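Only one structure is covered here, and it is reproduced in the block below.
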Amino acid sequence: MAEVDAIVVGAGFAGLRALYTLRKLGLRVTVLEASDDVGGVWYHNAYPGARCDVESYDYSYRFSPELEQEWRWTERYAQQPEILRYIHHVADRFDLRRDVLLNTRMTRAEYDEAGARWTVTAEDGRTWTTWMLVLCVGQLSLPKRPDYPGQDLFEGEVVHSGQWPKRKVEWASRRVAIIGTGSSGMQMTPVIAQTAKHLTVFQRTPNYSVPAANAPVTEEEDRQVKASYPARRAQAANSPSGLGFMPNRRSALDDPPEVREQVYEAAYNRLGFGFALAYHDILLSKPANDTAAEFVRRKTAEKIRDPELRKKLVPMDHAFAARRPSVDSGYYEAFNRDNVELADLREAPIVEFTPTGIRTTAKHHEFDLVILATGFDVFTGSLFKPEITGRGGLTLKRKWANGPITHLGIGVNAFPNLFIVVGPGSPSLLSNVLVSTEEQLDWLATLIAKMRDEGIREFEVTAQAEQEWVAHVNERAKETIYPSAQSFYMGSELPGKPRVFMPYSGGVRGYRRLLHQCAEQGYSGFELRKAPAASRPRRQAS
Ligand code: N01
């Protein structure tokens, strides 16, 4: 059994950053990565049209000024191949690959209370013992597949957007189905529409989308960003979402309609996600949100020629951004093409797959290729896949049976020396996830340095702290429009999942303050122990 100081699980953006940071502290680190290359979601989501909807310069690591200066982004919103090249560049430049074990899926982790160490087991039986276990498994890593009758009978090709095959997938001149109209479905639709013989998009819930306003990055823009990168990073860290946009301090209801129209028009045409911050209360108040929703609906409708299609594609049943909106490049316009058809599943649900296609209650559609853009088991799927057992034989899955319970989204009572990166209870998917990742890992580095310097062997969240944090997460969520919709923020993407609000909606800036406050107060809400808890009178694991 190999002995290390830290096992990091996952070699995407977060896992590589964890490796870099913990290695710098002098720890012996091993990264376990289930797939055959580094890159995480950016390795797997290689579907046509995949690109980031956070600006490239902000969706990049901040830990190395040299890296910031030498990398040249080509587009305002980078495409998946470019992001993957960047991740590979980072892995090579900082010599990270030597500590990454590919094709190594962690299946179990068990805490040894007496020794204050985790025993980690991989699918192939290899084991390690480690002081720290750092989970960088992603929130959108476990693809969700529909379960329609006859799915196995279909004789054409079936692929999932989140596990796009490494072989070439041909869609040109073929009859293609896309099931799902979240960000993935919306991004791939206009690309596939260009060359497919026929494309049918199966929509269950119409989603809001704002234009990406993508463009090549000019030399002058690149120079300007690089000349003031520290200020840009500081702005991102101090903004509510980590995107660098400061919200308009005014309420949407403060301005007369004609002024509001101008504000929305400017934000819509340039800011992508930043549109949601065009006024500070769009995400907080229904009447304010109504004005934004009405604007986006109107702009969306203008892009769709057929009035019947307009009625189906324009979302009417939820508040703007209560479900995650998309940032698209020509999604709605694609439906003006003769070879693109919408199958509205609310009107005519899928009955079954057949050997040649998909039958709805309205008709039979023939396909050569079916693309499942049906999303993921979000937040908890990848955390529950391995069996993680803390003190007293308690598994994470059992502990979280009624929803995730954490302190600050990073630690769990009864699971000492376990650190979750951008998991539930942290800003996570409500933020620029790179900003959140680096913030949490820098915080962890400070904690570990202190533990090492002071001979502390265990950190563990207290039961009281995590109860208070969950209550705080719920309180903050209630101040927003998020709980008003069925969404993966609420665990609604899968039947049987507890309906609780998963991410922290208090903002990147507010969250960062709380992290710092926790450290300044001697890691309030955490017990830091020089001797393992097991060597003291036993407490009941909650
Ligand atoms: O997944 P989704 P996604 N039958 O869950 C539908 C990130 N991301 O892969 O809403 C028919 O959003 C489902 O319908 P409904 C980003 O955080 C980022 O698109 O459940 N339809 C929905 O329309 C994003 O939010 C980028 O009614 C079914 C769709 O499938 C997250 O990943 C790009 C169905 C799933 O949408 C997930 O996006 C792409 C069924 N049985 C993704 N099951 C960037 O740009 C599900 N659906 C960074």
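The values are calculated or read from the model by the stated rules, or taken from the named source; none is laboratory data. These figures come from a predicted structure and were not determined experimentally. So basically every Cβ, Gly included, is an ideal-geometry build from the backbone, and we count neighbours across all protein chains shown. Note: accessible area is taken over every heavy atom of the protein model, side chains too, but ligands, DNA and RNA are not part of it. Shrake-Rupley method; radii C 1.70, N 1.55, O 1.52, S 1.80 Å.
Per-residue ellipticity at 222 nm for the chain, helices alone: DSSP H runs ≥ 4 residues times -39500 (n - 2.57), over residue total, nearest 500 deg cm²/dmol?
On the way: 16 runs with 169 residues, N = 542.
For the chain, the value works out to -9500 deg cm²/dmol.
Positive-end ranking of 451, 463, 141 along the dipole of the chain, with charges on Cβ about the Cα centre, is headed by 463. Given their separation in residues at 0.36 nm each and the Cα-Cα distance between them, residue 336 and residue 261 gain 24.4 nm when the chain is fully extended.
For residue 454, the accessible area of its heavy atoms, probed at 1.4 Å with every protein chain present, is near 90 square angstrom.
Computed from the C-beta positions of residue 467 and residue 446 and an R0 of 25 Å, the FRET efficiency is 0.50 to the nearest 0.05.
Need one number: the % of Cα-Cα pairs in region 239-324 sitting beyond the 17 Å mark.
47
For residue 201, the accessible surface of its heavy atoms amounts to roughly 0 Å² (probe 1.4 Å, protein chains only, rounded to the nearest 10).
Need one number: convex hull volume per residue for region 1-78, Cα atoms only, in Å³. Present the calculation step by step, with values, prior to reporting the outcome.
Values: hull volume 8.3 nm³, N = 78.
So the per-residue hull volume is 106 Å³.
Computed with every protein chain present, the accessible area of residue 364 is close to 60 Å² [probe 1.4 Å]. With the biggest extent put first, the Cα atoms of region 427-542 measure 47, 32, 22 Å across the principal axes.
Please work out the ratio of the alpha-carbon Rg of region 156-217 to 2.2 N^0.38 Å and round it to two decimals.
Details: Rg = 12.8 Å, N = 62, 2.2 N^0.38 = 10.6 Å.
This ratio for region 156-217 stands at 1.21.
Ordered by solvent-accessible area of protein heavy atoms (1.4 Å probe), largest first, the residues 472, 365 come out as 472, 365. One Cα centroid belongs to region 279-357, the other to region 1-32; the line between them spans 42 Å.
Give the ranking of 317, 442 by solvent-accessible surface, highest area first, calculated with a 1.4 Å probe.
Details: 317 85, 442 55 Å².
Highest to lowest solvent-accessible surface, that is 317, 442.
Of the accessible area of region 456-520, computed with a 1.4 Å probe over protein heavy atoms only, carbon and sulfur atoms account for 50 percent. In this structure, the residue pairs whose Cα-Cα separation is over 24 Å, taken from 166/226; 144/303; 286/311, are 166/226; 144/303.
Quick one: Kirkwood hydrodynamic radius for the chain, alpha-carbon pairs, angstrom, one decimal? Computed over the chain, the radius equals 24.4 Å. Counting only DSSP beta bridges whose two residues both lie in the chain, roughly 40 percent are antiparallel.
In terms of accessible area, using a 1.4 Å probe and ignoring ligands and nucleic acids, 147, 222 rank largest first as 147, 222. Could you calculate the FRET efficiency of residue 513 with residue 224 from 1/(1 + (r/R0)^6), where r is the beta carbon distance between them and R0 is 30 Å, rounded to 0.05? Calculated value: 0.55. Computed about the Cα centre, the dipole magnitude for the chain is approximately 820 debye when only Lys and Arg (+1) and Asp and Glu (-1) carry charge, each at its Cβ. Which of the lysines could a cross-linker span from residue 450 if the Cα-Cα distance has to be under 16 Å and same-chain partners fewer than 8 positions apart are dropped? Counting by Cα, and skipping residues close in sequence, residue 450 has these lysines nearby: 24, 530. Taking the centroid of alpha carbons for each part, region 365-434 and region 175-241 are 25 Å apart. Helices that extend 27 Å or more along their long axis by alpha-carbon positions and average at least -0.5 on the Kyte-Doolittle scale are, among the DSSP H runs of the chain, 433-454.
First measure r as the distance between the Cβ atoms of residue 157 and residue 453, then evaluate 1/(1 + (r/R0)^6) with R0 = 56 Å and state the FRET efficiency to the nearest 0.05. Calculated transfer efficiency: 0.50. Farthest toward the positive end of the dipole of the chain, out of 46, 330, 120, is the Cα of 120, where the dipole comes from beta carbon charges about the Cα centre.
Positive end of the charge dipole of the chain (Lys, Arg +1 and Asp, Glu -1 on Cβ, about the Cα centre): tell me which of 151, 74, 217 has its Cα farthest that way. The listed residue farthest towards the positive side: 151.
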